[in-house]
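**Student:** One structure follows; several queries about it will come next.
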Amino acid sequence: LWLDYCLTVCLNYLIENIMIKKLLIVAITLISIKTQAQDIISASFFTGSYQDLLQEAKRLKKPIILDFTATWCGPCKKMDKETYSDELIASVISLKYFAYKVDVGTFEGLEISDRYNSNQFPTTLFLDYNGKILGRLKGFYPPEYFIKILEMNQHRRRGVLVKEEDFDELITGL
């Protein structure tokens with residue numbers, strides 16, 4: 001009887017510990033999957049230098065999106081959180097564009113901002129692969145509006161607008 005009791009207690013202890021370990025493994029796996037999904041759902045921005053971006057865009061003949069931002073800018077943070085993290089927008093940007101964040105809090109960012117006359121934040125510039133401005137958006141744009149701009153731009157001249165006036169016409173038509 002004593003042996004049965006000891007075996008029962010030991011088995012219950014082992015089962016409880018195994019269940020706890022299994023629950024921990026499941027919880028860790030779920031957290032890992034959620035973290036990976038969050039990484040995928042955010043638009044990917046080019047991480048090299050601006051000059052590297054221009055070279056790569058020209059080599060692949062892929063249009064460019066410049067996102068002028070600042071760490072102190074509330075609407076910039078909102079654009080990142082709501083618009084660039086939208087799954088559809090992230091997919092379109094990742095597949096069809098080279099996107100580059102221009103931090104105006106850095107010397108390089110200020111130089112690029114001066115070059116493109118960008119002095120309101122956030123500003124989103126659409127460029128051809130040679131760096132020519134095709135369109136300019138100033139301020140925050142919610143995902144449902146921004147995706148329309150991306151989709152309309154895709155359907156014109158294989159994803160590249162010809163001139164800035166075309167972009168203005170596109171925006172006016174929304």
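The values are calculated or read from the model by the stated rules, or taken from the named source; none is laboratory data. Predicted model only: the values in this text are computed from it and were never measured. In this analysis, Cβ positions are derived from the backbone assuming ideal geometry, glycine residues included, and neighbour counts consider all displayed protein chains. With ligands, DNA and RNA removed, areas are computed over all heavy atoms of the protein, side chains included. Shrake-Rupley method; radii C 1.70, N 1.55, O 1.52, S 1.80 Å.
**Student:** Determine, yes or no, whether Ser44 is within 22 Å of Leu150 (Cβ to Cβ) and of a type outside the set (Val, Ile, Thr).
**Tutor:** yes
**Student:** Restricting to segment 114-126, count the residues that are closer than 24 Å to Lys62 by Cβ and open to solvent by 10 Å² or more (accessible area, probe 1.4 Å).
**Tutor:** Adding up the residues that qualify gives 3.
**Student:** Sticking with this structure for a sec: Just for segment 81-96: of the residues that are touching a residue at least 60 places away in the same chain (Cβ under 8 Å) and open to solvent by less than 10 Å² (accessible area, probe 1.4 Å), which one is nearest to Ile64 (Cα to Cα)?
**Tutor:** For segment 81-96, the residue satisfying everything is Ile89.
**Student:** Let me ask something else about it. Kindly indicate whether Ile41 is at pLDDT below 95 and farther than 27 Å from Asn130 by Cβ.
**Tutor:** Against the criterion (at pLDDT below 95 and farther than 27 Å from Asn130 by Cβ), Ile41 qualifies.
**Student:** Here's something else I'd like to know. Among residues belonging to segment 127-174 that are open to solvent by less than 70 Å² (accessible area, probe 1.4 Å) and β-branched (Val, Ile, Thr), point out the one that is modelled with the lowest pLDDT.
**Tutor:** Val160
**Student:** Please enumerate the residues belonging to segment 46-72 that are surrounded by 20 or more Cβ atoms within 10 Å (Cβ to Cβ) and closer than 14 Å to Glu108 by Cα.
**Tutor:** Answer for segment 46-72, where residues must be surrounded by 20 or more Cβ atoms within 10 Å (Cβ to Cβ) and closer than 14 Å to Glu108 by Cα: Leu53, Leu66, Asp67, Phe68, Thr69.
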